[in-house]
Amino acid sequence: MNITKEKVDDLNAIIKIQLDQADYQENVDNVMRKHRKNANIPGFRKGHVPMGIIKKQVGVSVIVEEINKILSESLQNFIKAEDLNLLGNPLPKLDEKHSIDWVNQKDFVFSYEIGIAPEFNVDVVSKLKVDYYKIKVADKDVDKYISDVAKRYGKMSNPDAAQADDMVFGKFEELDGEGNVKEGGISHTSVIIIEAVTDKKVQKSLVGAKTNDTYEIDPRVVSANPQDQAAAIGVDGAALETIISKFKFTVDKINKIIPAELDQELFDKVYGSGVISDVKEFRAKVSEELGKGLSTDADRKLKVDIQDELIKKLKLKLPDTFLKRWIRESNEKPLTLEQVEAEYDNYSKGLQWQLIENKLIQSNGIKVTPEEVVEHTKGLLAQQMAGMGLPGGTNDEELTETANRVLQNEEEARNLYMMMYDAKLTDYYKSNLKLKEKEVTYEAFVKLAYNKK
């Protein structure tokens with residue numbers, strides 16, 4: 001066996017594997033003997049079928065299978081030995097893919113195209129000029145949060161007539177072309193949140209609604225969210241797109257949420273017994289929590305801005321032609337060239353950032369230990385328990401056991417490691433980059449973040 005690498009350019013190469021018959025024949029013979037030992041063919045005793053018959057039945061498939069095993073192992077060993085940083089996986093060279101005569105050929109040469117990751121450094125990160133936003137918590141933000149909390153812990157009532165902030169519970173029935181309830185049509189009971197209705201005329205007409213009132217409504221106006229629109233009439237999103245009918249909506253009852261009073265009972269429910277004693281402390285605590293949440297939003301935007309700047313400045317080149325072919329051949333569902341071309345720009349940017357992020361982690365010695373992940377997972381579990389009103393964190397041994405069980409799930413463990421690497425990278429940015437702090441209102445920040453997209 002002989003394996004060589006031929007450089008095409010800095011990002012592409014060909015790996016050639018030359019196999020002589022001696023490289024695979026022993027493996028093939030061993031497998032063929034096993035087939036002969038287990039073969040059941042009429043007219044022959046088990047284990048005494050002539051080898052010529054065995055070769056005729058399974059000879060070619062055994063050769064193909066054994067050669068593929070050798071190729072796979074040899075490729076991986078060669079890549080590891082050469083310390084090749086590949087993008088995607090090796091692909092058989094197109095012009096040789098269907099030119100093998102498995103019946104008569106004894107010696108083979110297999111060629112594989114490979115895409116190689118670009119070489120680069122991340123020194124430019126120290127020269128980045130990026131804004132870091134400090135988002136002010138306004139009184140109206142606190143007011144809205146407190147209003148939402150009061151509703152969450154409020155009580156439900158059923159008034160005679162609906163007001164603008166109420167919910168109308170009733171039945172949707174599909175109509176035919178003449179405005180009559182369609183026989184065998186869709187019929188589904190659900191709720192309309194009046195404030196969520198996107199058609200202002202419909203929204204206004206629902207104010208004052210009473211039991212047994214009827215309305216002709218297009219389900220697409222009950223919400224801006226397509227999932228809510230589909231749920232209103234009990235269908236999935238795909239089915240909603242095929243529906244052109246309007247619906248009769250018959251009011252069954254009005255649901256009104258009466259917000260909880262801002263008193264000790266509410267304070268205890270939200271933050272625990274005795275933590276908050278009056279409205280002033282409640283507002284201060286809410287403001288503090290909102291500040292933490294807004295700080296997370298600011299960090300998220302910082303990471304997006306740094307990502308955009310580094311991709312723009314480093315201008316990494318990728319083996320684009322190879323990657324487009326690899327995407328098509330590795331995808332579970334068939335993809336056309338047009339589909340790959342349409343999505344490739346986003347894929348390329350995502351891959352560039354993955355390479356840059358990995359380089360930042362390696363260059364700066366950023367590490368996440370298993371012990372750190374366990375402690376982080378315990379913290380998340382304690383938060384979940386506290387949110388459910390359970391005594392989180394009271395038994396460290398139980399928390400540790402639960403955390404270790406969670407981390408036995410490979411996907412969960414991978415996500416948690418990624419989360420911690422992401423947090424450590426953010427800390428690195430804040431500590432090492434010269435960030436220009438800008439104080440903005442939440443509304444201004446939302447506009448900035450939206451315009452960025």
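The values are calculated or read from the model by the stated rules, or taken from the named source; none is laboratory data. Quantities reported herein were computed from a predicted structural model and do not represent experimental measurements. Reconstructed Cβ throughout: ideal geometry from the backbone, glycine too, with neighbour counts over all protein chains shown.
Descriptive notes on the structure:
- Qualifying residue in the range 44-67 (condition: in contact with a strand residue (DSSP E or B) (Cβ under 9 Å, 6 or more places away or on another chain) and either part of a strand (DSSP E or B) or modelled with pLDDT of 90 or more (or both)): yes
- When the range 410-453 is filtered for residues that are within 14 Å of Ile361 (Cα to Cα) and touching a helix residue (DSSP H, G or I) at 6+ places or on another chain (Cβ under 9 Å), the ones remaining, listed by number, are Tyr417, Met419, Met420, Tyr421, Asp422, Ala423, Lys424, Leu425, Thr426, Tyr428, Tyr429, Asn432.
Yes or no, residue by residue, for (1) surrounded by 14 or more Cβ atoms within 10 Å (Cβ to Cβ); (2) at pLDDT 90 or above; (3) of a type outside the set (Phe, Trp, Tyr):
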position: Leu360; (1), (2), (3): yes, yes, yes
position: Lys367; (1), (2), (3): no, yes, yes
position: Ala382; (1), (2), (3): yes, no, yes
position: Asn395; (1), (2), (3): no, no, yes
position: Glu401; (1), (2), (3): no, yes, yes
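- Count of residues meeting criterion [modelled with pLDDT of 90 or more and either out of contact with any helix residue (DSSP H, G or I) (no Cβ under 9 Å at 6 or more places or on another chain) or small (Gly, Ala, Ser) (or both)] in the range 269-287: 4
- Some residue of the range 42-50 being surrounded by 16 or more Cβ atoms within 10 Å (Cβ to Cβ) and either assigned by TED's automatic domain parsing to the domain that holds Pro90 or over 30 Å from Ala81 (Cβ atoms) (or both): yes
- Subset of the range 98-118 that is in a loop (DSSP other than H, G, I, E, B) and at pLDDT 95 or above - its residue that is farthest from Asn85 (Cα to Cα): Pro118
- Of everything in the range 17-26 that is surrounded by fewer than 16 Cβ atoms within 10 Å (Cβ to Cβ) and not small (Gly, Ala, Ser), the residue that is farthest from Gly115 (Cα to Cα) is Glu26.
- Qualifying positions in the range 221-244 - out of contact with any Gly (no Cβ under 7 Å at 6 or more places or on another chain) and within 24 Å of Lys204 (Cα to Cα): Val221, Val222, Ser223, Ala224, Asn225, Asp228, Gln229, Ala231, Ala232, Ile233, Ile244
- Screening the candidates Gln354, Gln307, Gln339 for the property of being under 21 Å from the mean Cα position of the chain (by Cα), outside any loop (DSSP other than H, G, I, E, B) and in contact (Cβ under 8 Å) with a residue 24 or more places away in the chain yields one hit, Gln307.
- Criterion (surrounded by 17 or more Cβ atoms within 10 Å (Cβ to Cβ) and either outside any helix (DSSP H, G or I) or in contact with a helix residue (DSSP H, G or I) (Cβ under 6 Å, 6 or more places away or on another chain) (or both)) met by exactly one of Leu302, Leu318, Leu294: Leu318
- Residue match in the range 197-207 (condition: small (Gly, Ala, Ser) and touching a residue at least 24 places away in the same chain (Cβ under 8 Å)): no
- Scan of the range 258-282 for residues that are in a helix (DSSP H, G or I) and either free of Cβ contacts under 8 Å to residues at least 24 places away in the same chain or under 26 Å from Asp166 (Cα atoms) (or both), ordered by number: Gln264, Glu265, Leu266, Phe267, Asp268, Lys269, Val270, Tyr271, Val279, Lys280, Glu281
- Test: residue in the range 373-383 that is among the hydrophobic types (A, V, I, L, M, F, W, C), in contact (Cβ under 8 Å) with a residue 60 or more places away in the chain and touching a helix residue (DSSP H, G or I) at 6+ places or on another chain (Cβ under 8 Å): no
- The set of residues in the range 148-187 that are surrounded by 12 or more Cβ atoms within 10 Å (Cβ to Cβ) and assigned to a helix (DSSP H, G or I) comprises Val149, Ala150, Lys151, Arg152.
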